[in-house]
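Rule-based calculations on the coordinates, nothing more; no lab input. Quick caveat: nothing in here was measured; it's all calculated off a predicted structure. Cβ placement follows ideal geometry from the backbone for every residue including glycine, while neighbour counts extend to all protein chains displayed.
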Amino acid sequence: MVLFILMILLPFIFSLGSLRSPRPAASSGLGVYRSVDNGEHWTLQTTVETSGVPFPSQILAMEISPSDPNIIYLGSRGAGLWISENGGDSWIRASDPQNVLKPNAEIYSIALSRARPQQLYLAVFQDNLGKVLKSLDGGRSFLEVYSVTQDRFGVFGVAVDQANPDRIYIATGQGGFFESNDQGKTWRIQKWFPDGLTRLLADPADSSEYYVVSSHGEMFRTNNRGLSWLRLTEGYSSFSKADKIADLTFDPLNYSTIYSASSYGLLRSADRGVHWEQVRLIVPTGKEGVSAAAINPNDSSFLYAGVGQDLYASRDGGTSWRTLSLRAPAPIRLLRVNPRDPKVIFAVISN
């Protein structure tokens, strides 16, 4: 029990300094890099429209608007929410006039609705509590719609049902998987897990199917909106350190296929997480884990994998790989591909 509490609380304990004073990113080369030619060339995109405001050095979440890919949201550690309306050319820090979203908030997850482009939900940690905030105007103002019941526990995942955008799901550090049917006005618990939940993934094609990952690296799947769950951990337990999951993403053309980036490397499941196989990279297995993965939305044989400070690309589904030209000064933490123009790729570099 003590170990579980430490795993959920330590990220916040070690981040107290960043809650007070985020370090400027541009001078250190940290931040968001963009390529417009399938990863052949990269530029650092950290221009801030407000003079004197530094770009955050640690990015925890990144989402591209499904209705307008020029609109990008970044969730930072200790520097709140950041928004670009020009495809990453420049950024502004969201400023909530009611101060519901704090300027020093940690934002772990961002959920967007295809049906309601101006509506977004944030899983945040501020005021020593994990909370869920809702915006109806694209991030200009916020309402608090959920808060954990105990100090120092976070909310690490939030998802919108794309078939019914009134329905919201969250995963909490207290181990709760919650559902709201009225945009967060009321909630009901679907499942209490014995460990805290650190990741939530929604199947874009099936509004009943969700995946969660626990603080101990266990993975579960529900196909009935959380009423019952299938434990998937056994499928990857034979791969050393595969339970240290850094990223989890769907094949955008076949949602039965999932990729897991972990301290072991890159794994792929073709049956919704029941069985897993290694996707062999051109680095020794276990030497450096895979920290981020992304797939071309128009051709799922195009894969990208971040391994430490190096970025690899495959054009044959992972059979062969080559190193891209990104020269990252720190580990690659997130990878995103523009859903309408897959030549445009973003890489988040963060300590």
| message | Number of Lys pairs in the chain with C-alpha atoms less than 26 angstrom apart, excluding same-chain neighbours closer than eight positions? | response | 11
| message | Multiplying the sequence separation of Arg322 and Ile92 by 0.36 nm and subtracting their Cα-Cα distance, what value in nm do you get? | response | 79.3 nm
| Most exposed first by the Cβ proxy, i.e. fewest other Cβ within 10 Å, how do Val344, Val212, Val274 rank? | Val274, Val344, Val212
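Of Lys134, Lys191, how do they rank once you tally other Cβ atoms within 10 Å and put the fewest first?
Values: Lys134 22, Lys191 18.
By the 10 Å Cβ count, ascending: Lys191, Lys134.
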| query | Rg and Dmax of the chain, using alpha carbons, in Å: what are they? | reply | 18.7, 52
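Taking neighbour Cβ counts within 10 Å as the exposure measure, how do Ile110, Ile59 sort from fewest upward?
Working: Ile110 20, Ile59 23.
Lowest to highest Cβ neighbour count: Ile110, Ile59.
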| For region 34-89, size of Cβ-based charge dipole, Lys and Arg +1, Asp and Glu -1, in debye | 280
| Cα→Cβ-extended label distance, 7 Å offset, between Asp68 and Leu44, nm | 2.9
| task | Work out from phi, with θ = phi - 60° and the Karplus expression 6.51 cos²θ - 1.76 cosθ + 1.60, the ³J(HN,Hα) of each residue of region 178-183, listed in order in whole Hz, and give x for Gly and Pro. | result | 10, 10, 10, 9, 9, 6
| query | Rg (Å, one decimal) plus Dmax (Å, integer) for the alpha carbons of region 235-351? | reply | 13.0, 37
